[in-house]
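Down below is the structure, laid out as structure tokens.
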Amino acid sequence: MADGGLPVVARFEVRHRNYLAPDGSINRPLPAFASDADLLTALYRAMMLLRNFDRKAVALQRTGRLGTYAVSLGQEAVSVGIASAMRAEDVLLPSYRDNGALIWRGVKLEEILLFWGGDERGNHFSGPVEDFPFCVPVGSQAPHAAGVAYAFKLRKQPRVAVCMFGDGATSKGDVYEAMNFAGVHKLPVVFVATNNQWAISVPLRLQTGCETLAQKAIAAGFIGEQVDGSDVVAMRAAAEDAIAAARDGQGPRFIEAVTYRLGDHTTSDDALRYRSAEEVQARWKEEPIARLRSYLVGQKMWSKAQEERLAAECHDHVEAAVERYLATEPRRPESMFEHLYADLPRVYAAQRRKLAGEGDA
Amino acid sequence: MPEMTLVEAVNLALARAMEDDPDVVVLGEDVGINGGVFRATVGLQTRFGPERVLDTPLAELLISGLCVGMAAQGLKPVGEIQFMGFLYPCIDQLVNHASRIRNRTQGRLTCPMVLRTPHGAGIRAPEHHSESTEAMLAHIPGLRVVIPSSPERAYGLLLAAIRDPDPVVFLEPTRIYRAAKGEVEDNGEALPLDVAFVLRQGRDVTLISWGAMLKETMAAADALAAEGVAAEVIDLATLKPYDEATVLGSVAKTGRCVIVHEATRTGGFGAEIAALIAERGLTSLLAPVARVTGYDAIIPMARLEQHMMPSVDRIVTAARQVCQFS
Ligand SMILES: Cc1ncc(C[n+]2csc(CCOP(=O)(O)OP(=O)(O)O)c2C)c(N)n1
């Protein structure tokens, strides 16, 4: 041996989880929940709603009625699969591309539109009140998740924090600092990295020298698993396992959801500048919605009539939300001082009055 | 009432806050068995346990980010950053999260956290241990920035900071951690935030400062008194939001003002006060506002640092010039 027979002190493995092949056939026996047709179709419906919503949001942006927007196209299975395994009392700490998770947790479409339309009231949303709003500074929500999970542990609450971020975020110290701390204290937190292969124009191979992102958990002392992020059954199963383990006091887990961003990074991006149409075209064969549909149809769990009804439902749901969004009364300028502090310091009251047009500051 | 140092008063306030409220959690590097590098947290872990007095990994961004997460859950985290020079990784969390989560979520989530750190030069410490970049923090909307200048105010203001429903950065003047002594009653009473303290009344000139520099500022007021000049001394105490009324009221009375801080001159907090007086107190001014500050240089290491920091002489000279202006 070149190493002179030095003893091996540790060895690690990273597993990859997948059930549904791109054509909808199954690779392994499915987890128990998959026999529940209502649940599987609910996952399907949620992904479809998200795709319809994304399409509409982009149209609104293109016509000047929404600000910059980040689509989930191609990665709907990640946020839907993860959120579907959470309980209401768990806390979600999402990135800006996790609309699917927010919607699953009860946030209204018009609230999401308000946020991307530039109105903070969108963050005062109808989801679980302790969930965090979208995090824009990449990865900076990971330490919050550790703090939330620490609070759960301190108060002996059987709750789990679920923190979502992209592959780019795994390059940040924030994420590693949070994972490291979570490992030290065996906190009830699940970190989910959506590896959609790109951080704007930077490909994964320029983001990390690792074979997997999942192995980053090993350095923090817990299990990291790679999951087919275009397989919603795999996403839900992995999330269920990780969340259950965390709730059970076994400490944190890390899920790398391997998927592909089929759309532009945001409506301000043109992905053709850095990747070919052929590459994207090839990836369309793996996308999560057609995959699940093939399986459902093959199992007679889904019919053409249901598909048509769903399309109409999604359309109506989205259009009604857009109407409510567009009809929302604008905020008064001086409302920027609302919720700045618990009580607005007296010295800023004059600035507020000035904005309200009541004298000068 | 027992006499104690400023750092002992910090310790007393932390213990009192933890005793009164089970949601108060202290965290940072070496805050546990070691009691913090300045001993501000000494004895707390023995008394309140390692879950509430928590030695974190060496990661400052994490400490501030953990505080945000804990605070959003209704805990009252008090994070310690060992020296202000290591606070910079926390700026992301302070600017992007702590100070604005209430506003971003329209009150749905809040951030009742405190981040404590030693502040300022004059302790012959290594590089990066003598920072006074309070102006950077005072620029952040939604934050409170508080600097005590005596044991009594350290106790009362820290209690107020911990009880405050919003994030507070609490800057502790390192140079007078042990040099400042005073009687502190452990009565659990907070002092008001956002309020300046008039340490000395006077009619001729207003001297404004905060933190450790009040030591030199008070000494300068003594020296001026010996020359027949009655200086009013204001301890600003809370820099964000600061007590404009006390500043303007004092300048209306004296007509003259000298602002003293050891931080770099350009864009320092003194510039903000001078601008306020120019905007709203000009008619009462009998002389231009003067600033006695550090230079626009990096705080030198031990051998030169005293040249950076305003001396009693520099303050007295500036006050004399302001008083003689015609
Ligand atoms: C700290 C930080 N740096 C830079 C940006 C600008 N930015 C926004 S998204 C992004 C790429 C993030 O990629 P990734 O984490 O993989 O998430 P994805 O967008 O693919 O979901 C960058 C660089 C930011 N929001 N935050």
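The values are calculated or read from the model by the stated rules, or taken from the named source; none is laboratory data. Quantities reported herein were computed from a predicted structural model and do not represent experimental measurements. Counting neighbours? That spans all protein chains shown, and the Cβs are built from the backbone with ideal geometry, glycine included. Side chains included, ligands, DNA and RNA excluded: accessible areas come from the protein's heavy atoms. Shrake-Rupley method; radii C 1.70, N 1.55, O 1.52, S 1.80 Å.
Enclosing the Cα atoms of the range A:204-353 in their convex hull gives a volume equal to 266 cubic angstrom per residue. The mean number of Cβ atoms from other chains found within 10 Å of a Cβ in peptide B:19-27 is 1, as a whole number. The GluC sites (Glu not before Pro) of the range A:179-288 that meet both conditions, a loop assignment by DSSP and at most 10 other Cβ atoms within 10 Å of the site Cβ, are A:Glu211.
Nothing charged except the Cβ atoms of Lys and Arg (+1) and of Asp and Glu (-1): what's the magnitude of the dipole of the range A:145-247 about its Cα centre? Round to the nearest 20 debye. Dipole magnitude for the range A:145-247 comes out near 540 debye. When peptides A:298-311, B:31-44 are sorted by average Cβ neighbour count within 10 Å, with the highest value leading, the order is B:31-44, A:298-311. Computed with a 1.4 Å probe over protein heavy atoms only, the accessible area of B:Trp210 comes to about 10 Å². Taking a ≥ b ≥ c as the square roots of the eigenvalues of the alpha carbon gyration tensor, the range B:119-158 is oblate, as a/c is not under 1.5 and a/b does not beat b/c.
In angstrom, the C-alpha Rg and Dmax of chain B are 19.4, 63.
For the range B:221-323, the set of trypsin sites (Lys or Arg not before Pro) satisfying both a DSSP loop assignment and a count of at most 16 other C-beta atoms within 10 Å is given as B:Arg265.
Placing unit charges on the Cβ atoms only, positive for Lys and Arg and negative for Asp and Glu, gives the range A:36-137 a dipole magnitude near 520 debye about its Cα centre. Take every DSSP beta bridge whose two residues both sit in chain B; close to 20 percent of them are antiparallel. Over all alpha-carbon pairs of chain A, lay out the pair-distance distribution in 20 Å bins, whole %, shortest bin first. Percent of Cα pairs in each bin: 28, 55, 15, 2, 0.
The relative contact order of chain B comes to 16 percent, based on Cα pairs under 8 Å that sit 6 or more residues apart. Temperature 37 °C, viscosity 0.692 mPa s: under these conditions the Stokes-Einstein estimate for the range A:88-191, based on its Kirkwood radius over C-alpha pairs, is 236 µm² per second. Positive end of the dipole of chain A (Cβ unit charges, origin at the Cα centre): among A:Gly229, A:Val258, A:Cys163, the Cα lying farthest that way belongs to A:Cys163. Amide H contacts under 5 Å for A:Asn196: A:Asp167, A:Thr259, restricted to partners 5 or more places along the chain or on a different chain, H placed in the peptide plane at 1.01 Å from N. Between A and B, buried accessible area from a 1.4 angstrom probe totals roughly 3800 Å², ignoring ligands, DNA and RNA. In the protein assembly as shown, one over the average inverse separation of all distinct C-alpha pairs is 27.5 Å, which is the Kirkwood hydrodynamic radius.
Measuring how big the range B:276-326 is from its alpha-carbon positions, Rg and Dmax come out at 14.3, 43 Å.
For the range B:212-299, the alpha carbon positions stretch 35, 32, 23 Å along the principal axes, listed from largest to smallest. DSSP beta bridges confined to the range A:135-215 are antiparallel in about 25 percent of cases. Under a 5 Å amide H cut-off, with hydrogens placed 1.01 Å from N, B:Met4 pairs with B:Gly182, B:Glu183, B:Val184 among residues at least 5 apart or on other chains. Less than 5 angstrom separates the built amide H of B:Ile234 from those of B:Leu199, B:Leu207, B:Ile208, B:Ser209, all sequence-distant by 5 or more or on a different chain.
Each pair of Cα atoms in the range A:38-79 enters the Kirkwood radius, and Stokes-Einstein at 20 °C and 1.002 mPa s then converts it into a translational diffusion coefficient of 194 µm²/s. Counting heavy atoms of the protein chains alone, A:His185 has an accessible area of about 40 Å² for a 1.4 Å probe. From largest to smallest, the equivalent ellipsoid semi-axes obtained for the range A:131-286 from the alpha-carbon gyration tensor read 29, 16, 14 Å. Taking all Cα pairs closer than 8 Å and separated by 6 or more residues, the relative contact order of chain A comes to 22 percent. Of all DSSP beta bridges located in the protein assembly as shown, what percent are antiparallel, nearest 5? Of the beta bridges lying entirely in the protein assembly as shown, close to 15 percent run antiparallel.
Classify the range A:96-138 from the C-alpha gyration tensor, please: rounded if a/c falls under 1.5, else prolate or oblate depending on whether a/b exceeds b/c. Judged from the Cα gyration tensor, the range A:96-138 comes out rounded (a/c under 1.5).
Computed about the Cα centre, the dipole magnitude for the range B:184-326 is approximately 560 debye when only Lys and Arg (+1) and Asp and Glu (-1) carry charge, each at its Cβ.
Go through the range A:1-74 and name the trypsin sites (Lys or Arg not before Pro) that are in a DSSP coil and have 11 or fewer other Cβ atoms within 10 Å of their Cβ. Answer in residue order: A:Arg11.
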